Amino acid sequence: MDEIKLIKKDLVRKKLIVQKNLFIIIVLGVLLIGLVNSIGLPTGGVSYCCEKTVAGAWCQNSPKDNCNIGIDPKTNSVFRAVASNCESLSYCKMGTCINSQEGTCMENTPQRVCDENKGVWSEKPVDEVPQCSLGCCLIGDQAAFVTQTRCKRLSLLYGLETNFRTDISNEVQCVLSASSDAKGACVFEKEYETTCKFTTKRECLDMMSSDSSVNFHEGYLCSDETLGTNCGPSQKTTCVEGRDEVFFLDSCGNLANVYDSSKAKDMEYWSRVYDVGASCNSGQSNADSATCGNCDYYLGSTCKAFKRGEDKVKPNIGNNICRDLSCEYKGKTYSHGETWCDNSEGADKNLPGSKYFRLVCYDGDVTVEPCADFRQEVCEESQTNGFKVAACVVNMWQDCASQDTKEDCENIDRRDCQWVAINGTSESGYQCPLLGAVGVSTTDTVKFKGGGCVPKNPPGFDFWNSAGEAEGLCNIASATCTVTYEAGISGSESCVSGCECLTQAWEDSMNKMCTNLGDCGSKLNFIGVQGFQNKSAITREDVDEEEDSGGGGLF
């Protein structure tokens, strides 16, 4: 019984072996049929290499009925069809097709196809053709791994400079190099730990070239839990050179988001990079804020290390705060960047010795900037929404005395002058060497009828210098007025001409003319001391009737 059982087992085993062999034969048969079909050998006939098929395809292995037997317009001969494999025929031999205009290379392309596409065909593989060498083409914030010619073509299309880098040898690195200034988490292995550095894509790419374990995660912080690094949130903050804001630091010392004490334990806030505009109190100064580090230099604050006694408030977390950059001056608060005029005593009246000054509030300190001496510059101030802006501007007074009409005198585009009326004048006027007022010129004087052109902001002179120009300039306003009296029979005298010169109004207007020329005439200096005044000198001359038919006297 045992022998019979063994014989049965052997028969069963042989049967299994035969079945297995039959299965292998069937599988091999299917594979061979597939291989034959893949090279274009039909199972029921001879395969032809069609130069062009009826459907319009070039260099295809197919039955003869599928071959186009029409006339080739390029060669004026019949399209070829040969009972052979296309790869063995010269007109369908595979190679590299180069488009020199577009800078593209197509590998495994038949020569006939390349010719149809107006390309340059080479029988060499694509990696042996110099024109097909690939590099990284950087265009703005985009990148493409293409040929240099293609890079030039793309740069021309986008109107950008060509930036072709041959040092980047693969497409992955090329794509990563785009937006290389973008920041994110650069994760790598160090001393058997997964750690991280918050840096730029460019720097992380450089690390990748020497360490295959490096990965860059754009827009992520190193403290993101999904990265699995040894970096996490911390209670530290810092200031960054070139930035206004206070930033959190993670436990590895990497920068995180803007300091916000309410987000100190918010893991979402420690995962992704938040834009400054999406951070706490955006658009505000946040000066002296204990809870928010979103400082803005243009709004009057910047990140500084907290100093006890100097800063009004201590931050809730860390040791940095948005320092208030405003200034205190003479009991008033001025914003950072604000400028204003604070002139010396008497500058509003342009008194002798007075001067104009421009003050600047910058980083919490007030700087005094003097305008030019002798009031050759004056400080002018304006404000918008309460923010003051001041500047020292040139005092254009030099040609005021040369203007003879009120319209020319007060042309603010050309000069800084004003017209001063002379009260009490008559049609005959009076004589004065001051140039520019309305009148009729004589040999060495001008006869005035109504007023004169003087500086709006009288300049200062070095009147103490005998060799200076002060005396000559002030003498311009000296006036001579002739008053004629007529003696009556009873011995009484009556004024007949120039009588207006005897009035206080005339004297006051003439003094105003004089003082408006500069440091001339009777006025106080900037410390309140009264200057001297040489009163009008009066001289009398009697004239006989025979000499002067007017019969009066001259004073």
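Only the coordinates and a few stated rules stand behind these numbers; no lab work does. Note that the structure is predicted; figures quoted are calculated from it, not measured. Positions of Cβ are generated from backbone atoms using ideal geometry, with glycine treated the same way; all protein chains shown enter the neighbour counts.
So, counting K/R as plus one and D/E as minus one, what does the shell of residues with Cβ under 9 Å around Arg415 add up to? Overall, the nearby charge balance is -3.
Using C-alpha pairs below 8 Å separated by at least 6 residues, the relative contact order for region 272-342 is 26 percent. Let me make sure I get this right: for region 163-246, a, b and c are the square roots of the gyration tensor eigenvalues over alpha carbons, sorted descending. Under 1.5 in a/c it's rounded, otherwise prolate if a/b > b/c, else oblate. Which is it? Judged from the Cα gyration tensor, region 163-246 comes out oblate (a/c at least 1.5, b/c at or above a/b). Between Thr104 and Asn99, the built amide H atoms are under 5 Å apart, and every one of these is 5 or more places off in sequence or on another chain.
Backbone N atoms of region 293-312 closer than 18 Å to the 7 Å Cα→Cβ label point of Glu241 belong to residues 303-305. When only Cα pairs below 8 angstrom with a gap of at least 6 residues are kept, region 75-125 shows a relative contact order of 33 percent.
Averaging Cα coordinates gives a centre for region 483-508 and one for region 206-268; these two points are 95 Å apart. Charge tally around Val368: other residues with Cβ under 10 Å, Lys/Arg +1 each, Asp/Glu -1 each, net -1.
The aspartates and glutamates within cross-link reach of Lys349, meaning a Cα-to-Cα straight distance under 17 Å and a gap of 8 or more places when in the same chain, are Asp373, Glu377, Glu380, Glu381, Asp416, Asp508, Asp519.
3J(HN,Hα) along region 274-281: 9, 5, 4, x, 9, 8, 4, 6 Hz, from the Karplus curve 6.51 cos²θ - 1.76 cosθ + 1.60 with θ = phi - 60°, whole Hz, x for Gly and Pro. Here Asp275, Asp260, Asp508 are placed in order of increasing Cβ neighbour count within 10 Å, fewest first, which gives Asp275, Asp508, Asp260.
Can you put Val126, Val78, Val378 in order, fewest other beta carbons within 10 Å first?
Exposure proxy ranking, most exposed first: Val78, Val126, Val378.
Each other residue within a Cβ distance under 9 Å of Glu218 adds +1 if Lys or Arg and -1 if Asp or Glu, for a net charge of +2. Residues whose amide H comes within less than 5 Å of that of Gly451, counting only those at least five positions distant or on another chain, are Ile422, Val438 (H built at 1.01 Å from N in the peptide plane). Rounded to the nearest Hz, the phi-derived 3J(HN,Hα) couplings of region 230-242 under the Karplus curve 6.51 cos²θ - 1.76 cosθ + 1.60 (θ = phi - 60°) are 8, 9, x, x, 8, 9, 10, 10, 7, 9, 10, 4, x, where x marks glycine and proline. Close amide-amide hydrogen proximity is noted between Ser497 and Thr484, each under 5 Å apart and 5 or more residues distant or on a separate chain (H modeled in the peptide plane; Pro and chain starts excluded).
On the beta carbon distance between Asn85 and Asp115, with R0 = 30 Å, the FRET formula returns roughly 0.90. Each part gets one Cα centre, and for region 129-195 versus region 275-311 those centres are 38 Å apart. Checking every one of the GluC sites (Glu not before Pro) in region 174-228 against DSSP loop status and a limit of 16 other Cβ atoms within 10 Å picks out Glu191.
Residues Thr162, Thr484 in ascending order of nearby Cβ atoms (within 10 Å, fewest first): Thr162, Thr484. Measuring between alpha carbons in the structure, the pairs from Lys236/Lys312; Lys124/Lys152; Lys183/Lys304; Lys307/Lys388; Lys190/Lys304; Lys330/Lys456 lying more than 27 angstrom apart are Lys307/Lys388; Lys190/Lys304; Lys330/Lys456. Checking every one of the GluC sites (Glu not before Pro) in region 71-142 against DSSP loop status and a limit of 16 other Cβ atoms within 10 Å picks out Glu102, Glu123. Our summary gives region 332-394 a relative contact order of 32 percent, counting only alpha carbon pairs under 8 angstrom and 6 or more residues apart.
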